[in-house]
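See below for the structure under consideration.
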Amino acid sequence: MANRENLYTINHLTVEYHTRLGILRAVDDLTFEIKRGEVLGLVGESGCGKSTLGKALMRMIEEPGKIVSGELNFDGIDIMQLPEAQMRELRGSRISMIFQDPLTSLNPVQKVVEHLTETIQAHESHVSDKAARARAAELVDRLGISSNRLDDYPHQLSGGMRQRTMISLALSLRADLVIADEATTSLDVIVEAQFLDLLRELRDEFDLTILLITHNIGIVAQLADRIAIMYAARLAEIGGIHNCFFAPKHPYSQGLLQSVPTIKLEELDLYQMAGSPPDLTHPPSGCRFHPRCPKVMDVCSQLTPTLKSIEPNWNVNCWLYEEIPEHLAADAKTP
Ligand code: SF4
């Protein structure tokens, strides 16, 4: 059944890849929700599982990867049980994705108009060529690209225009949820700022829900309503931007946010977190952050913490916020 507050509910999602070095669990038992109309920022270091999670939400994990367990409920639809033909229909029409590099995501031998009309007509076969072209013109115009450029090939467009073409593709079927995966990585700072303004406008105008996957926390701070911080395939913390960004609780979130550059002169020496993310084919026991954590306790390497609510809409996955079993509590610290 559809939930009025949550557009997408994810329960105990686990995704694994079978590699030569062993089984790599890229997403490990994640449970969270994406609320209707929100921008949820998903951040974390490279390799923490963000992009795998984005693809799993569209059921686009390819061999040697596999969703091994979990429930995905999108607006009342059981995504895991949906036949592939219906899933294909849902991709694009209800959930769409803006990929990292528009130049490699767009077909170099197809004109902008062909990308758009093909997408529209693949999902709405009754739409005539003329009507599809008119809709494509209206869309690109809305995104600040002159309709004169419809017959251009991707290489004839600037980086910003290609990114806008990707957005127009994502919006061409009026999806409810747009997943933007590192969508600003290939843009310069000016075009990036324009892209963020545009996403903000489109969110309000089309009532979009956006999952913004990025390693750039500054972008999330500008645009997101909530932030989910991932570390080594698990959620470290999730909550409102004002809580998690300005007063993070998890030691990893704290380190991550302290290492964001600021323009304050007295903070020219950037904080550097000790160590590096673990190899996910052989992750550390207990809390995966324990080899790097400045607040590590005995319990941390022995037992895995769970995501606990510390306030409404604010959850943290750390033993500092969970009751420690008595036999391991000798060196317990306070948050
Ligand atoms: Fe640090 Fe322990 Fe919390 Fe992990 S569970 S973040 S090691 S204090």
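Express in whole angstrom the spacing between the alpha-carbon centres of segment 274-335 and segment 68-86.
Each part reduced to its Cα centre gives a spacing of 32 Å.
Within a 10 angstrom radius of the beta carbon, how do Leu208, Leu198 rank from fewest other beta carbons to most?
Details: Leu208 21, Leu198 17.
Lowest to highest Cβ neighbour count: Leu198, Leu208.
If one computes the Cα centroid of segment 134-186 and of segment 11-38, what distance in Å separates the two points?
29
List the residues whose amide H sits under 5 Å from the amide H of Gly41, counting only those 5 or more places along or on another chain, with H placed 1.01 Å from N in the peptide plane.
Close amide H contacts, sequence-distant or interchain: Leu212, Asp225, Arg226, Ile227, Ala228.
Of all DSSP beta bridges in segment 103-239, what percent run antiparallel (nearest 5)?
On the way: 5 of 10 bridges.
In segment 103-239, approximately 50 percent of DSSP beta bridges are antiparallel ones.
Relative to the longest principal axis of the chain, what angle (0 to 90°, nearest 10) does the C-alpha long axis of helix 129-142 take?
Rounded to the nearest ten degrees, it is 50.
Give Lys35/Lys333; Lys35/Lys111; Lys50/Lys308; Lys50/Lys249; Lys35/Lys55; Lys249/Lys333 a once-over and call out the pairs whose C-alpha atoms are over 24 Å from each other. Walk me through the numbers before you get to the answer.
Values: Lys35/Lys333 34 Å; Lys35/Lys111 35 Å; Lys50/Lys308 21 Å; Lys50/Lys249 20 Å; Lys35/Lys55 18 Å; Lys249/Lys333 13 Å.
With Cα atoms farther than 24 Å apart: Lys35/Lys333; Lys35/Lys111.
So how much slack lies between Glu201 and Gln121, counting 0.36 nm per residue of separation and subtracting their Cα-Cα distance, in nm? Write out the running numbers ahead of the final one.
Working: separation 80, 0.36 × 80 = 28.80 nm, distance 2.62 nm.
Gain in length upon complete extension: 26.2 nm.
Using 0.36 nm times the number of residues separating Arg20 and Thr334, minus their current alpha carbon distance, what extension gain do you get? List each step's numbers first, then the result.
Numbers: separation 314, 0.36 × 314 = 113.04 nm, distance 4.16 nm.
Gain on stretching Arg20 to Thr334: 108.9 nm.
For segment 304-335, state which GluC sites (Glu not before Pro) are in a DSSP loop and have at most 12 other beta carbons lying within 10 Å of their beta carbon. Working shown, then result.
On the way: sites: Glu322, Glu323, Glu326; in loops: Glu322, Glu323.
Listed in order of number, the matching sites are Glu323.
If you take every residue apart from Leu256 with its C-beta less than 10 Å away from the C-beta of Leu256, what net charge results, scoring Lys and Arg +1 and Asp and Glu -1? All intermediate terms of the calculation are to be shown ahead of the outcome.
Details: positive: none; negative: Glu45, Glu237.
Computed value for this residue: -2.
For the chain, modelled as a GNM with alpha-carbon contacts under 10 angstrom, which of Asp298, Asp176, Asp29 fluctuates the most?
Judging by the Gaussian network model, the answer is Asp298.
Fewest first, what order do Glu45, Glu138 take by the number of other Cβ atoms within 10 Å? Before the final figure, lay out the partial values.
On the way: Glu45 15, Glu138 12.
Final ranking by Cβ density, sparse to dense: Glu138, Glu45.
Which value, in debye to the nearest 20, describes the size of the charge dipole of the chain about its Cα centre when Lys and Arg Cβ atoms bear +1, Asp and Glu Cβ atoms bear -1, and nothing else is charged? Mind dumping the intermediate values first?
Working: 32 positive and 45 negative charges, 51 e Å.
It comes to approximately 240 debye.
Readers should treat all values here as calculations from the given coordinates under stated rules, not as data from a laboratory. All values derive from a computational prediction rather than experimental measurement. Using ideal geometry, Cβ is built from the backbone for each residue, glycine included, and neighbour counts are taken over all protein chains shown.
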